[in-house]
1. Among the residues of segment 53-62, count how many are surrounded by fewer than 10 Cβ atoms within 10 Å (Cβ to Cβ) and at pLDDT below 80.
2. Please specify each residue of segment 6-47 satisfying the condition of being surrounded by 10 or more Cβ atoms within 10 Å (Cβ to Cβ) and of a type in the set (Lys, Arg).
3. So, in segment 45-69, of the ones that are among the β-branched types (Val, Ile, Thr) and under 17 Å from the mean Cα position of the chain (by Cα), which residue ends up farthest from Asp10 (Cα to Cα)?
4. Here is a list: Ser65, Ser50. Which entry is on the phi < 0 side of the Ramachandran plot, exposed (fewer than 10 other Cβ atoms within 10 Å of the Cβ) and part of a helix (DSSP H, G or I)?
Amino acid sequence: MESLRLLLRDRDSTYGPAFEAVFESEDLDVVLSAPRAPRMNAHCERVIGSTRREALDHILTTGESHARQ
């Protein structure tokens, strides 16, 4: 988690203070999405989905070191 700087999450009540404490202990900033903005996560999910389909579905990783490369 050395390269990660922040965590973007929605305002769901299932995420409690303990959830945020785990990431804050790793010096990550927890950023909440805007209230009542249901389409805000759609942009992130689109990028993640495209990355999976275009890159990860065509690569067979053999271990953690191979995935990091």
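The values are calculated or read from the model by the stated rules, or taken from the named source; none is laboratory data. Here the structure is a predicted model, which is why all the values come from computation and not from measurement. Heads up, the Cβs are rebuilt from the backbone with ideal geometry, glycines too, and the neighbour counts pull from every protein chain shown.
1. Of the residues in segment 53-62, the ones surrounded by fewer than 10 Cβ atoms within 10 Å (Cβ to Cβ) are 54-55, 57-60, 62.
After this cut, where a residue has to be at pLDDT below 80 as well, the list is 55, 57-60.
Summing the residues that are surrounded by fewer than 10 Cβ atoms within 10 Å (Cβ to Cβ) and at pLDDT below 80 in segment 53-62 gives 5.
2. Scanning segment 6-47 gives Arg9, Arg11, Arg46.
3. Ranking the candidates gives Thr51 first.
4. Values: Ser50 fails: exposed (fewer than 10 other Cβ atoms within 10 Å of the Cβ).
That would be Ser65, the only listed residue that is on the phi < 0 side of the Ramachandran plot, exposed (fewer than 10 other Cβ atoms within 10 Å of the Cβ) and part of a helix (DSSP H, G or I).
Listed here are the residues, each with its yes/no results for (1) out of contact with any Lys or Arg (no Cβ under 9 Å at 6 or more places or on another chain); (2) touching a residue at least 12 places away in the same chain (Cβ under 8 Å); (3) in a loop (DSSP other than H, G, I, E, B).
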| residue | (1), (2), (3) |
| --- | --- |
| Val30 | no, yes, no |
| Ala34 | no, no, yes |
| Asp57 | yes, no, no |
| Leu60 | yes, no, yes |
